[in-house]
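Report on the structure given below.
The values are calculated or read from the model by the stated rules, or taken from the named source; none is laboratory data. Predicted model, so just to flag it, every value in this text is computed and none were measured. Methodologically, a virtual Cβ is constructed for each residue, glycine included, from the backbone with ideal geometry; neighbour enumeration extends over all protein chains shown. SASA here: full protein model, heavy atoms, side chains in, ligands and nucleic acids out. Shrake-Rupley method; radii C 1.70, N 1.55, O 1.52, S 1.80 Å.
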Amino acid sequence: MRQTRPKNLNLFTIHFPIPAIVSILHRISGVILFLLIPFFLFMLSCSLTPSGFEQCHEWLSSPVFKVLVWLYTVPLCFHLVAGIRHLLSDIHIGDSRQGGRITSYLTFFFSALLIILTGIWIW
């Protein structure tokens, strides 16, 4: 059987619904968090000794390092909120079409709020 349907392989021309965008960003943020594990383990190992703790404290007092730490917490905040959204959909809360759209917008709102609050806390 021959399929003569046109195929669109350009992902930039496809309009994804908002729940799909949240799901894709949740996966991307998970990959980013996985790749940042060595950095977090390095900071943890440095902070466990008294001299290393002083060095970490010195690093965290610089504005550049504060921005980097805040940028590292952005995927963490989004992944946390999107993960809660996925857990709620597993127990059938917001799994309808309209509910998925509403929870997706709420995910973006609460993620942005948490990211802003984290930035305020770091500074």
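The table for this structure:
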quantity: Residue pairs meeting the criteria (Cβ under 8 Å; at least 6 apart or on separate chains; first over 14 Å from residue 107 (Cα atoms), in the range 24-38; second among the hydrophobic types (A, V, I, L, M, F, W, C)); calculated: 33/76
quantity: Residue in the range 81-97 that is farthest from residue 37 (Cα to Cα), counting only those that are surrounded by 17 or more Cβ atoms within 10 Å (Cβ to Cβ) and under 15 Å from the mean Cα position of the chain (by Cα); calculated: 85
quantity: Contacts under 7 angstrom Cβ, first residue in the range 50-62 being over 19 Å from residue 122 (Cβ atoms), partner open to solvent by less than 70 Å² (accessible area, probe 1.4 Å) and assigned to a helix (DSSP H, G or I), 6 or more apart; calculated: 52/46
quantity: Qualifying residue in the range 90-99 (condition: closer than 15 Å to residue 18 by Cα, basic (Lys, Arg) and at pLDDT below 95); calculated: yes
quantity: Answer residue from the range 15-43, given it is over 30 Å from residue 58 (Cβ atoms) and open to solvent by 70 Å² or more (accessible area, probe 1.4 Å) and is modelled with the lowest pLDDT among those; calculated: 15
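Here's the yes/no breakdown for (1) open to solvent by 90 Å² or more (accessible area, probe 1.4 Å); (2) out of contact with any His (no Cβ under 7 Å at 6 or more places or on another chain); (3) in a loop (DSSP other than H, G, I, E, B); (4) of a type in the set (D, E, K, R):
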site	(1), (2), (3), (4)
79	no, no, no, no
99	no, yes, no, no
102	no, yes, no, no
116	yes, yes, no, no
